[in-house]
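The next block holds one structure in the form of structure tokens; read it before the comments.
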Amino acid sequence: MQASRGSGMKDIVVVGGGQAGSSLVAKLRALGFDGAVTLICGEEVPPYQRPPLSKAYLLGEMAQDRLYLRPAGFYAERGIDLRLGRAAASIDREAREVVLADGDRIPYGQLALTTGSRPRRLPEAAGGALPGVFEVRTLRDVDGMAPAFVPGRRALIVGGGYIGLEAAAVAAKLGLRVTLVEAGERILGRVASPETADYFRALHRAHGVDIREGVGLERLVQGADGAVAEAKLADGTALPVDLAVVGIGIEPETGLARAAGLEVENGILVDACGRTSDPLIWAAGDCAVFPRGGAMLRLESVQNAIDQAEAVAANMLGADAPYDPKPWFWSDQFDVKLQIAGLGTGHDRVVVRPGDRPGSASHWYYAGDRLLALDAMNDPRAYMVGKRLIEAGRSPDPRSVADPATDLKALLAA
């Protein structure tokens, strides 16, 4: 097969056209890299934001072109070869080439994998392939489900994580009758405290969402028209449904890396600078597992995709600077904006602080006397203060945090 360029010794190729891939190529140019840059994007549209897909875009409040991370002309203006609709099939490490599905081979001097993640799918035997069963990951996914969101229809949401809760909120706002089932003992079981779960359970129920915890989905049943018509739950309940949205988590997209012989374990293993087991190949974003605090960590967030990709871009150009993440996340559900700072893993108590407005609150995660993380619901001031404290490695007295009379800004000065 004919290669797209000459030797490729200085070329940088990036596989994966999501937030991390777009951020990485933009940073290369911003840092002055003047070699050839190719961004391989399997989708037919330029890199776009994913968080609004299940919220503003599905609600019809955001046009498609507003999803795009950068204007249409950005890549061409900076000499970035954007290959849309061109999936990477394999990596030839010996020849230093990326092989595309159409047989084209793209040489590289260095290669970055920003392949992201894929949704966990409901098995076909459980009805996962039936018409009317949807996942929320790509623009095509959401465009496919949007016509099904008709007021009065019965929607089943499978999974009580943030993806499922956001889908439930949108469906309820659009006038559907929504039931959410979570196989674990509570919603947000892996990602948030019981206190935060309690807050969002009450919020959803106040908007008419029927939340059922501790009960899994056994299977979806086909109706006379061939589409999904019923959900059989593990407790024997049978629910009539018109559509189902599956939000049971995501998995890192590691197929290319594994097939190429790179080290993979719950993601593509990289060192602190983002380099894989092959010194010419790097990884960033949802697909990458990196060392932090004596353990290996993989983060699924926009913030990490941007920050790690930019760090990797600098390291590909010789910076040799370890990536030190400052995690933050967010979720929008109904009229509540949840803002999260830090990582609550290992906490042993949660301090609940009421906010200044009705319905606002913040939950502060502590391990002993050390502040680890914060969930702020419609409380931007608490979020800003908590984020600054966490990033500075400072831990205010939990009793002061819990006292509504404590001025939050005073915590920064203490």
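Between region 127-174 and region 251-328, what is the C-alpha centre distance in whole Å?
With region 127-174 and region 251-328 each reduced to a Cα centre, they are spaced 31 Å.
What is the set of long-range amide H partners of residue 134 at a cut-off below 5 Å, with H atoms built 1.01 Å from backbone N?
So residue 134 has HN proximity to 244, 245, 246.
Which cross-chain or sequence-distant (5 or more) residues have an amide H under 5 Å from the amide H of residue 292, H modelled 1.01 Å from N in plane?
Hits under the 5 Å cutoff: 297.
Could you give the length gained by full extension between residue 259 and residue 296, i.e. 0.36 nm per residue of separation minus their alpha carbon distance, to one decimal place?
So the extension gain works out to 11.2 nm.
Taking Cα pairs under 8 Å and at least six residues apart, what relative contact order does the chain come out at, in percent?
Answer for the chain is 13 percent.
P(r) of region 335-413 in 5 Å steps, Cα pairs, percent per bin?
3, 18, 30, 29, 15, 4, 0
Determine ³J(HN,Hα), in whole Hz, for all residues of region 48-57 in sequence, where each value follows from phi through the Karplus function 6.51 cos²θ - 1.76 cosθ + 1.60 and θ = phi - 60°; x replaces Gly and Pro.
Working through the residues one at a time gives 9, 6, 9, x, x, 4, 8, 10, 4, 5 Hz.
Can you run the Rg to Rh ratio on the chain? Use alpha carbon positions and the Kirkwood inverse-distance Rh.
Rg/Rh for the chain comes to 0.99.
Can you run the Rg to Rh ratio on region 124-248? Use alpha carbon positions and the Kirkwood inverse-distance Rh.
Ratio value, two decimals: 0.94.
Taking θ = phi - 60°, what integer Hz values does the Karplus form 6.51 cos²θ - 1.76 cosθ + 1.60 yield along region 305-311, in sequence order, with x for Gly and Pro?
4, 6, 5, 5, 4, 5, 5
For residue 218, enumerate residues with amide H under 5 Å from its amide H, sequence gap 5+ or separate chain, H modeled in the peptide plane.
Close amide H contacts, sequence-distant or interchain: 232, 233, 234.
Which percent, to the nearest 5, of DSSP beta bridges fully inside region 124-248 are antiparallel?
About 35 percent, rounded to the nearest 5.
Just the number, please: percent antiparallel of the DSSP beta bridges in the chain, rounded to the nearest 5.
60
Sequence neighbours fewer than 8 away in the same chain don't count; with that in mind, list the aspartates and glutamates whose C-alpha is under 19 Å from residue 173.
Partners within reach: 61, 135, 143, 210, 242, 332, 335.
For region 267-358, take every pair of Cα atoms, bin their distances at 10 Å starting from 0, and report each bin as a whole percent.
In order of increasing distance, the bins hold 15, 41, 24, 15, 5, 0 percent.
Under a crude label model (7 Å from the Cα following the beta-carbon direction), how far is residue 129 from residue 391 in nanometres?
4.8
Which whole-Hz ³J(HN,Hα) couplings does region 321-327 yield from phi under the Karplus relation 6.51 cos²θ - 1.76 cosθ + 1.60, θ = phi - 60°, glycine and proline marked x?
Values per residue, Gly and Pro as x: 10, x, 7, 10, x, 10, x Hz.
Can you list the lysines whose alpha carbon is less than 16 Å from that of residue 232, not counting same-chain residues fewer than 8 positions off?
By straight Cα distance, residue 232 reaches no lysines at all.
With a sphere of radius 10 Å drawn around the Cβ of residue 219, what net charge do the other residues whose Cβ falls strictly inside it have (Lys, Arg +1; Asp, Glu -1)?
-1
A short reminder: the numbers here are calculations on the coordinates, not readings from a lab. It should be emphasised that the depicted structure is a prediction, and the values quoted were computed from it without experimental measurement. FYI the Cβ positions are ideal-geometry reconstructions off the backbone, even for glycines, and counts take in every protein chain you see.
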